[in-house]
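Notes for the one structure printed next.
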Amino acid sequence: MGVKRYYQQRREAGDTLIEVLVSIVVISIVIVAAYNITNQGLRIEQNAIERTQASQTISGQAETLRSIRDLAANGDANAKTQWAAILARATTVNPSYTTCAATGSSLPFYLNPNNVAVVNNTQATSQYFTYWIEAYRSPITSPFVDFHVRGCWQGVGQSKVQSIGSVVRLVVPQ
């Protein structure tokens, strides 16, 4: 009887080494899974922020193009000069979307938001984001010009380059 009671008391006294190891493994798996889910959520959030900023920049460039065109049509002398400079950049070579840079045969530019000036032969870079505009005029006589507004950036923690673009078709005032 004494031996049986000893083992019964021993069993009730605490956990065995195997039980402790199993509980540590289970807790470790839960912690690693929570860490991975949090990292994935942060990555998705960062990507959404970057895409929103890029979209806003692209939309701002498109809206500035529309404003310059409208002001030029209404007789503003500075806008007429800017619009003429923009139309001079139009080519009959359709822009390529295969690379994250302006195509070699186009005449890329961007609109400086500080003084609404046309900056020629270049792409704008703001911290991690590069953007530009390429103007395409159909070789067939048409009253419009397509402006391909593009942007690219290297996402945080991502190996693939992200890109966004929009095409704005504007009728050229006569």
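Some notes on this structure:
- Condition met for THR91 (farther than 29 Å from LEU42 by Cα, modelled with pLDDT of 80 or more and out of contact with any strand residue (DSSP E or B) (no Cβ under 7 Å at 6 or more places or on another chain)): no
- Among the residues listed as THR125, THR98, the single one being part of a strand (DSSP E or B), modelled with pLDDT under 80 and under 17 Å from GLN162 (Cα atoms): THR125
- Check on VAL145, in contact (Cβ under 8 Å) with a residue 12 or more places away in the chain and either crowded, with 18+ Cβ neighbours inside 10 Å or in contact with a Gly (Cβ under 6 Å, 6 or more places away or on another chain) (or both): yes
- Filtering segment 163-174 to residues that are part of a loop (DSSP other than H, G, I, E, B) and either out of contact with any helix residue (DSSP H, G or I) (no Cβ under 6 Å at 6 or more places or on another chain) or modelled with pLDDT of 85 or more (or both) leaves VAL172, GLN174.
- Residue in segment 3-10 that is at pLDDT below 90, of a type in the set (Val, Ile, Thr) and outside any helix (DSSP H, G or I) present: no
- Every pair of residues 6+ apart whose Cβ atoms lie under 8 Å, when the first sits in segment 29-54 and is surrounded by 10 or more Cβ atoms within 10 Å (Cβ to Cβ) while the second is of a type in the set (Ser, Thr, Tyr): GLU50/TYR128; ALA54/TYR131
- Filtering segment 132-162 to residues that are closer than 30 Å to GLY41 by Cβ, modelled with pLDDT of 85 or more and out of contact with any Asp or Glu (no Cβ under 9 Å at 6 or more places or on another chain) leaves GLY151, CYS152.
- The set of residues in segment 65-84 that are surrounded by 15 or more Cβ atoms within 10 Å (Cβ to Cβ) and within 16 Å of PRO108 (Cα to Cα) comprises LEU65, GLN82, TRP83.
- Assessment of segment 64-74 against the conditions (of a type in the set (S, T, N, Q), within 22 Å of the chain's Cα centre (by Cα) and either modelled with pLDDT of 90 or more or assigned to a helix (DSSP H, G or I) (or both)) yields at least one matching residue.
The values are calculated or read from the model by the stated rules, or taken from the named source; none is laboratory data. Fair warning: this is a prediction, and the values are worked out from it, not measured in the lab. Methodologically, a virtual Cβ is constructed for each residue, glycine included, from the backbone with ideal geometry; neighbour enumeration extends over all protein chains shown.
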